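Below is one structure, written out as structure tokens, with a few remarks after it.
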Amino acid sequence: MNDAPIGIFDSGVGGLTVARAIRAQLPRESFVYVGDTAHSPYGSKPIADVRRYSLEVLDTLVDQGVKMLVIACNTASAAMLRDARERYEVPVVEVIGPAVRRAVSTTRNGRIGVIGTVGTIGSRAYQDMFEVDERLEVFTAACPRFVEFVEAGITGTPEVLATAEDYLAPLRDAGVDTLVLGCTHYPFLRGAISYVMGDGVSLVSSDDETAADVYRQLVRRDQLASSTAVASYTYEATGASADEFTVLANRLMGHEVRDVQLVQTGVITLPDLSGFEDVDALRP
């Protein structure tokens, strides 16, 4: 089982940043990456739909024999982390906790900004984790167009910069010294985000921090790949065209992604939570 792959899941291409960080920190580990391009983006969708789509993909990964699940999507982590940890026997790693821990250790003035999708910010998953420490002030902003830009392969245009200014100016003016990129798509827009926030603001993204958490979990469970393991990387997408995913992924990642396979997820039935008010039960 130690040489079994790690399963990595995101709504689209954003989680490739996490996959890349895992590949860099754990070069002997294999992984299977699934981008749920059939339902991307997740950020504006009802929480019940995000839960269903996410669990369908994770079921597919477990069926492929992975030894660990990595939810490389902030919206999905906020919506169904508890469900996943109760549903699967393999360990489940998410992206919110590692980023929060890094931000707490990074901030100097205790004023932390968090940007994410509408779903992530609305879930208060980040806010609740930070508010455990009364010394911190947390400022948030939903940035829905950022995912749209990345999924379209647009990362460095004047329109991106203008949109970043609109979204981020209130956080900059609030005096935050640390900004959490609460979506795995956002590191692809790091140039514009850093320019708007200024040199005095540290950017925290979940890719490297999540990869470090994956390492810790594998060590604790004595599940590191053997010294003779030869890593393999499998990329899968749920959308209508593997070519579209491949072209975009290589534009963003520098030709690391090859031979993307199309997969179909199963259909599972979950309770209707569209009017569910007690969102505490859905948070990590």
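Taking each residue of the stretch 146-158 that is without any contact (Cβ under 8 Å) to a residue 60 or more places away in the chain and looking for partners that are surrounded by 22 or more Cβ atoms within 10 Å (Cβ to Cβ) and among the aromatic types (Phe, Trp, Tyr) with beta-carbon atoms closer than 6 Å, six or more apart or interchain, yields PHE146/TYR186. Of all the residues in the stretch 112-148, those that are crowded, with 22+ Cβ neighbours inside 10 Å and closer than 14 Å to CYS183 by Cα number 14.
Test of understanding: among LEU273, LEU262, LEU224, which residue is in contact with a Leu (Cβ under 6 Å, 6 or more places away or on another chain) and either modelled with pLDDT under 90 or over 19 Å from VAL57 (Cα atoms) (or both)? Spell out how you get there, then give the answer.
On the way: LEU273 fails: in contact with a Leu (Cβ under 6 Å, 6 or more places away or on another chain); LEU262 fails: in contact with a Leu (Cβ under 6 Å, 6 or more places away or on another chain).
Every option except LEU224 fails the conditions.
Please verify whether the stretch 47-59 includes one or more residues that are in a helix (DSSP H, G or I) and among the polar types (S, T, N, Q). Yes; the residues of the stretch 47-59 include at least one that is in a helix (DSSP H, G or I) and among the polar types (S, T, N, Q).
Among what's in the stretch 135-150 and is in contact with a helix residue (DSSP H, G or I) (Cβ under 7 Å, 6 or more places away or on another chain) and either part of a helix (DSSP H, G or I) or β-branched (Val, Ile, Thr) (or both), pick the residue that is farthest from ARG251 (Cα to Cα).
Only one residue fits best here, namely VAL138.
Each row is one residue, and each column tells you yes or no for (1) touching a strand residue (DSSP E or B) at 6+ places or on another chain (Cβ under 8 Å); (2) assigned by TED's automatic domain parsing to the domain that holds ARG145; (3) of a type in the set (Val, Ile, Thr).
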residue	(1), (2), (3)
GLY200	no, yes, no
LEU203	yes, yes, no
TYR235	yes, no, no
LEU252	no, no, no
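Among the residues here, THR210 qualifies as more than 15 Å from GLY116 (Cα to Cα) and not hydrophobic (A, V, I, L, M, F, W, C).
The values are calculated or read from the model by the stated rules, or taken from the named source; none is laboratory data. Since this is a predicted model, take the numbers as computed values, not measurements. Cβ: placed from backbone, ideal geometry, glycine included. Neighbour counts: every protein chain shown.
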